[in-house]
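Everything below concerns the one structure shown next.
The values are calculated or read from the model by the stated rules, or taken from the named source; none is laboratory data. The structure displayed is predicted, hence computed values, not measured ones. Glycine also receives a Cβ, built like all others from the backbone with ideal geometry; neighbour counts cover every protein chain displayed.
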Amino acid sequence: MMNLVSKLAQKPTDKTIRITRIVFALIVLATILLGWSVTRTEFGLPIWVMYGLFAFPVIGLVRGILDPGIFRKKIWKWTVFGLGIAMILISLFVIEDQAVISLAPARVSNTGSINIADIGTIPTISVPFTLSTDNFFGFYGFILVIMGVLLNSKNITMKNERYGEIVKKIRV
């Protein structure tokens, strides 16, 4: 048990960090693509606003594949936190799921009860498999906020660990 705890306390390798970024970006991309047909914008915004959703997995893929060492650890922390907040706000205020409208309501008798025999005769609605992009996008944003605030020191590759620092004294 102590071996497992000590293993979890260690910082993962750069390869593991990059693979995790790529997998998370691909999950977000798959969620957007699978929910594209049932996602709409709110407040009468144009449909092209939804294409901005693809910026989030692209950022994750660039960070995972290219691993640009362009920011310090603190800046990455607040960048990841900001991306998570942006995803939550987009989920709350910009995108919404379209409701699937039932074509055949259940038959209700005059007494207000539903006859059990009539339930089997109601045609079912066949819709393609979709995901709720709105809800999942907010959930993924919450994960990014937690990663940015709590776990960012374990999610930085060695290239970004000491980016921009100047060594003035060499101690022996």
Pairs with Cβ under 7 Å, 6+ apart, first in the range 28-44 and in a loop (DSSP other than H, G, I, E, B), second at pLDDT below 85
GLY35/THR130; GLY35/LEU131; GLY35/SER132
Please enumerate the residues belonging to the range 52-95 that are surrounded by fewer than 17 Cβ atoms within 10 Å (Cβ to Cβ) and touching a Ser or Thr at 6+ places or on another chain (Cβ under 8 Å).
ASP67, GLY69, PHE71, LYS73
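Conditions tested, residue by residue: (1) under 16 Å from VAL62 (Cβ atoms); (2) modelled with pLDDT under 80; (3) of a type in the set (Asp, Glu); (4) in contact with a Cys (Cβ under 7 Å, 6 or more places away or on another chain).
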residue	(1), (2), (3), (4)
MET1	no, yes, no, no
ALA9	no, yes, no, no
PRO12	no, no, no, no
LYS15	no, no, no, no
ILE19	yes, no, no, no
THR31	no, no, no, no
VAL38	no, no, no, no
GLU42	no, no, yes, no
LEU45	no, no, no, no
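So how many residues does the range 45-67 have that are outside any helix (DSSP H, G or I) and without any contact (Cβ under 8 Å) to a residue 12 or more places away in the chain?
Residues that pass the stated criteria total 2.
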